[in-house]
Amino acid sequence: MREALRLAEEKRLPRFVSLQPHYNLVWREEYESNKMRFCQDSGTAVIPYSPLEGGFLSGKYRRGQSLPESPRSSSARKFMTDHGFAVIDTLDSIAEAHGVALSAVAIAWLLGRPAVVSPIIGANSVQQLKDVLPAAILQLDAGETGRLEAVSQPFRDAPVS
C-alpha cells in the first residue's frame, strides 16, 4: 500500500483514499496489527465491513441459548466463548446506561477508532437500522471506551485465521 501511494505521487496519478478492512470489537488483530498505523500516517480513510460481526455484536447470540436460525449463525459460533460473551456483557452495560441498542455502542466504538470514517452497516430490517442510528451521535466516554478496549483485548492478541 505504501508503494502504491509512493508511485501515485511520483507519477502524479490518483491515489487510493480508503481501505475496507474486516474490523470490529471481536475482530481486531488484522487491522490493528499493521493497517491502522498506515491509515493514520497516510491519511487513508477506513470503512470497516462486518462491524457487528454477523449480528454477534448486536446481542443476537447469548450465553446458554441455542443458535437462532440464521444464515450467519454458524459463523458466530467462533465468538461464543467466555471472551466473546464478556464483550456482549460490557456492551449490554454501556447500552443500558445510554438507553440504546448494543449495536449502537459497537458502532460508536468503531467510529471513535483512528482513521475510521464510516462502518458499513448491513441492516436487514428497519428495526436493525433504527438500532444502529444512535451511534452517529453517541459519545462514549473514556471509561466506556477503556472498558471495551480491555474486554476485547483477547481479540487484539488472537492470531488472524
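Laid out as a table, the results:
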quantity: Base-10 log of normalised Debye intensity for the chain (one unit scatterer per alpha-carbon) at q = 0.16, 0.19, 0.21 Å⁻¹; calculated: -0.90, -1.21, -1.43
quantity: Theoretical ellipticity at 222 nm over the chain - DSSP helices of four or more residues, -39500 (n - 2.57) apiece, nearest 500; calculated: -12500 deg cm²/dmol
quantity: Rg over Rh [alpha-carbon atoms, Kirkwood Rh] for region 2-71; calculated: 1.19
quantity: Magnitude of the charge dipole, the chain, Cβ model with Lys/Arg +1 and Asp/Glu -1, debye to 20; calculated: 480
quantity: Summed residue charge, Cβ within 11 Å of Y31's Cβ, Lys/Arg positive, Asp/Glu negative; calculated: +2
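A short reminder: the numbers here are calculations on the coordinates, not readings from a lab. Since the model is a prediction, treat every value here as computed from it, not as a measurement. Note that we place each Cβ from the backbone using ideal geometry, even for glycine, and neighbour counts take in every protein chain shown.
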